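The values are calculated or read from the model by the stated rules, or taken from the named source; none is laboratory data. These numbers were taken from a predicted model, which means no experiment stands behind them. Glycine also receives a Cβ, built like all others from the backbone with ideal geometry; neighbour counts cover every protein chain displayed. When the accessible area is computed, the model is the full protein with side chains, heavy atoms only, and any ligands, DNA or RNA have been set aside. Shrake-Rupley method; radii C 1.70, N 1.55, O 1.52, S 1.80 Å.
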Amino acid sequence: MKEFLETLMRKHIGGLVSRSSLVGHKTFFDPQIFSWVPLLEQNWRTIRQELEQVLQYQEALPNFEELVEYDADLTKDTQWKMFAFYAYGIKAEKNCDRCPETTRLIEQIPGLKTAFFSILLPHQRIPPHRGPYNGVLRYHLGLMVPEATDQCGIRVGKDIRHWQEGQSLVFDDSFEHTAWNDTDSVRVVLFLDVVRPVKFPISLLNQAVIQLFSWSPYIQGAAANQKKWDKRLDAVLAAKGTQ
């Protein structure tokens, strides 16, 4: 069933979305064509300050597969941690309360569907993979990038980019992509999925598909897993007397 749905979304509906895209069909996009990007870049240090507070309890943060069972096999051997704010419109209330300024900023972004701090630990690689659907675009804002930037990067299709602190990347994750951190330092980006600008009436179809995906067991399961992690983090903070 999973393979059937991915084929339907990627090849058939995804083809319609590609042909109707208002920003074209390619691996990486010029971030400045999106009106909300300057808001995040201008406030990246504010976001980083809240990130630094989160990283004080880095060991307690969940690995990606602990929340997102849909791609569990992809990351089970990778130390890729996340601190979630939104998952396809489902709000992680406690995390948002812990980072109020970051939440205030991302909630101004039209079409926001997913948001989290993506924390790739030293000497870790995320295997090549593809997103199931191109109706959203992926955004990264560099928040904590190792000095050896040439050893820390992302490939989408055949194109390679390297993160820079305070700067943005926008790409189509339905292309095969992989990321790596071959340094001794942690790499953190603000990771967003936003609705892809698409011509009418395909825009209505795109919105419907995204809504259906938000109702899927994968996303609902991630929301349930987030609540379990909330309790675990509450216990960690209580033990430290910082809750």
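Side notes on the structure shown:
- The condition (being surrounded by 21 or more Cβ atoms within 10 Å (Cβ to Cβ), in a strand (DSSP E or B) and under 13 Å from the mean Cα position of the chain (by Cα)) is satisfied by just one residue among Val194, Val189: Val189.
- Matching option when the condition is part of a helix (DSSP H, G or I) and either open to solvent by 30 Å² or more (accessible area, probe 1.4 Å) or modelled with pLDDT of 95 or more (or both), among Asp173, Asp150: Asp150
- Cβ-Cβ distances below 6 Å connect the following pairs, each with a first residue in segment 140-156 that is among the small types (Gly, Ala, Ser), a second residue that is open to solvent by 20 Å² or more (accessible area, probe 1.4 Å) and not in a helix (DSSP H, G or I), and a separation of six or more residues or different chains: Gly142/Gln164; Gly142/Glu165; Gly142/Gln167; Gly153/Ile160; Gly153/His162.
- Restricting the first member to segment 100-113 and to residues that are open to solvent by 80 Å² or more (accessible area, probe 1.4 Å), and the second to residues that are in a helix (DSSP H, G or I), the beta-carbon pairs closer than 9 Å and six or more apart or on different chains are Glu107/Cys96; Gln108/Leu39.
- Cβ-Cβ contacts under 7 Å between residues 6 or more apart (or on different chains), taken from a first residue in segment 30-52 that is closer than 17 Å to Glu107 by Cα to a second residue that is part of a helix (DSSP H, G or I) and open to solvent by less than 50 Å² (accessible area, probe 1.4 Å), are listed as Val37/Pro31; Leu39/Leu105; Leu40/Leu105; Asn43/Leu105; Ile47/Thr102; Ile47/Leu105; Glu50/Thr102.
- Scope segment 132-180; condition closer than 21 Å to Phe34 by Cβ and among the hydroxyl-bearing types (Ser, Thr, Tyr); matching residues: Tyr133, Tyr139, Ser168, Ser174
- Candidate set from segment 127-147 (those that are in contact with a strand residue (DSSP E or B) (Cβ under 9 Å, 6 or more places away or on another chain) and among the charged types (D, E, K, R)); member that is least open to solvent (accessible area, probe 1.4 Å): Arg138
- Flag if Lys199 is open to solvent by 10 Å² or more (accessible area, probe 1.4 Å), of a type in the set (Lys, Arg), at pLDDT 80 or above and out of contact with any strand residue (DSSP E or B) (no Cβ under 7 Å at 6 or more places or on another chain): yes
- Considering residues of segment 23-39 that are assigned to a helix (DSSP H, G or I) and in contact with a Ser or Thr (Cβ under 7 Å, 6 or more places away or on another chain) only, the residue most open to solvent (accessible area, probe 1.4 Å): Pro31
- Every condition in (1) closer than 17 Å to Thr114 by Cα; (2) at pLDDT below 90; (3) in contact with a strand residue (DSSP E or B) (Cβ under 6 Å, 6 or more places away or on another chain) is met by Leu74 except one, and the failing one is (1).
- Qualifying residue in segment 58-66 (condition: modelled with pLDDT of 95 or more and either within 29 Å of Glu176 (Cα to Cα) or open to solvent by 70 Å² or more (accessible area, probe 1.4 Å) (or both)): no
This table checks each residue for (1) within 29 Å of Tyr57 (Cα to Cα); (2) outside any helix (DSSP H, G or I).
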residue: Phe200; (1), (2): no, yes
residue: Ile210; (1), (2): no, no
residue: Tyr218; (1), (2): yes, no
residue: Lys228; (1), (2): yes, no
